[in-house]
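The values are calculated or read from the model by the stated rules, or taken from the named source; none is laboratory data. Quantities reported herein were computed from a predicted structural model and do not represent experimental measurements. Cβ placement follows ideal geometry from the backbone for every residue including glycine, while neighbour counts extend to all protein chains displayed. Areas reflect the complete protein model, heavy atoms only, side chains present, ligands, DNA and RNA absent. Shrake-Rupley method; radii C 1.70, N 1.55, O 1.52, S 1.80 Å.
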Amino acid sequence: MSWSKLTPGIALFCCTTVVILASAFPLLILPEAYAREQSSLIAKIRRFFVGTRPRGVASGRQRGGSRRDRCPNVSDPLTALVPFDVDGVPFFEQTISERPTFWFYIPYLPISRRNAEFVLIDENEDDVYSATFPLTQQAGIVSLQLPATVPPLKEGKKYRWVFSVICNPLNRSGDATVNGWVERVPESSTLNTQLMAAPPREQVSIYAEAGLWYEALAAIATLRKNNPQDEDIKSDWMSLQQTLGLPETSSQGWTIYLLPEPVMD
């Protein structure tokens, strides 16, 4: 029977049924497309933002800025590039790195010559590392790399990090501040074998599936930097920024800050 021979009522019923089935059972209608979407790199990254994983204490937050801070008004606040729950509280994230790289979006221009502070604190509330350094680069995404002289994170231990932009040195309560948590876990032999056999793009997926946020973020950022003309990687990088709540114009790349050597007592 052709569609032209159906009465209007029957035709409407058939069309409505197809729409309902398509929305309710996507695997039946477009199995290949749906499977590709679920297995895509960004889909794997977004899984960091769901679930009931442990999160930081109530004082932790992914975005900085409040009525108390003395920083200039900006359209987008200081932001930590970490997964967070619906309340904006960062989850505990795991790493296999002895000295992970930390990532932030800094909205302030360097014209005012502000300083920033990064502090890493262990479970006993002792400072593992603390440094103040000038913000010399343009607004955008930055990565903070710890010096090789900083003691390595210990496996099975949790650490809190605090990143602040100092907008009034005489009143540090006016800092724009974000903080979160990281835990170092052992690197399994299976993971190491998978990484050695995988191309760079697949390595991002492997890190994501292993629940290693810091490694996954660093890998996708490096992939973007090394392949500036690759439209698929560019799309992944921009989708990642959107997932993190960053502005669309935030950055095509990022700036590296090599943190200063720790001050010896």
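See the values below:
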| read-out | value |
| --- | --- |
| Residue selected from segment 108-127 under the condition closer than 17 Å to residue 259 by Cβ and surrounded by 16 or more Cβ atoms within 10 Å (Cβ to Cβ), by the criterion farthest from the chain's Cα centre (by Cα) | 114 |
| Residue 187 vs. criteria modelled with pLDDT under 90, assigned to a loop (DSSP other than H, G, I, E, B) and open to solvent by 80 Å² or more (accessible area, probe 1.4 Å) | no |
| Scan of segment 151-178 for residues that are within 26 Å of residue 241 (Cβ to Cβ), out of contact with any helix residue (DSSP H, G or I) (no Cβ under 9 Å at 6 or more places or on another chain) and open to solvent by less than 20 Å² (accessible area, probe 1.4 Å), ordered by number | 159, 161, 163, 165, 175, 176, 178 |
| Residue match in segment 223-239 (condition: touching a strand residue (DSSP E or B) at 6+ places or on another chain (Cβ under 8 Å) and open to solvent by less than 30 Å² (accessible area, probe 1.4 Å)) | no |
| Per-region count, segment 247-261, residues open to solvent by 40 Å² or more (accessible area, probe 1.4 Å) and at pLDDT 75 or above | 5 |
| Residue check, residue 165 in a strand (DSSP E or B) and either more than 21 Å from residue 218 (Cβ to Cβ) or in contact with a Leu (Cβ under 8 Å, 6 or more places away or on another chain) (or both) | yes |
| Considering residues of segment 108-130 that are within 15 Å of residue 175 (Cα to Cα) and out of contact with any Cys (no Cβ under 9 Å at 6 or more places or on another chain) only, the residue modelled with the lowest pLDDT | 113 |
| Residue that is modelled with pLDDT under 95, in contact with an Asp or Glu (Cβ under 8 Å, 6 or more places away or on another chain) and either among the acidic types (Asp, Glu) or closer than 24 Å to residue 127 by Cβ (or both), where the choices are 181, 213 | 181 |
| Scan of segment 128-150 for residues that are out of contact with any Asp or Glu (no Cβ under 7 Å at 6 or more places or on another chain), over 19 Å from residue 93 (Cα atoms) and open to solvent by 20 Å² or more (accessible area, probe 1.4 Å), ordered by number | 130, 134, 136, 137, 138, 139, 148 |
| Among residues of segment 43-62, those that are surrounded by fewer than 19 Cβ atoms within 10 Å (Cβ to Cβ) and modelled with pLDDT of 70 or more, counted | 6 |
| Residue that is surrounded by the most Cβ atoms within 10 Å (Cβ to Cβ), among those in segment 73-107 that are at pLDDT below 95 and charged (D, E, K, R) | 93 |
| Residue 242, sole failed condition from (1) out of contact with any strand residue (DSSP E or B) (no Cβ under 9 Å at 6 or more places or on another chain); (2) under 26 Å from residue 88 (Cα atoms); (3) buried (at least 18 other Cβ atoms within 10 Å of the Cβ) | (3) |
| Residue list for segment 84-112, restricted to those being in contact with a Lys or Arg (Cβ under 9 Å, 6 or more places away or on another chain), part of a loop (DSSP other than H, G, I, E, B) and β-branched (Val, Ile, Thr) | 89, 96 |
| Checking residue 159 against (1) in a strand (DSSP E or B); (2) out of contact with any Asp or Glu (no Cβ under 7 Å at 6 or more places or on another chain); (3) within 18 Å of residue 94 (Cα to Cα), the condition it does not meet | (2) |
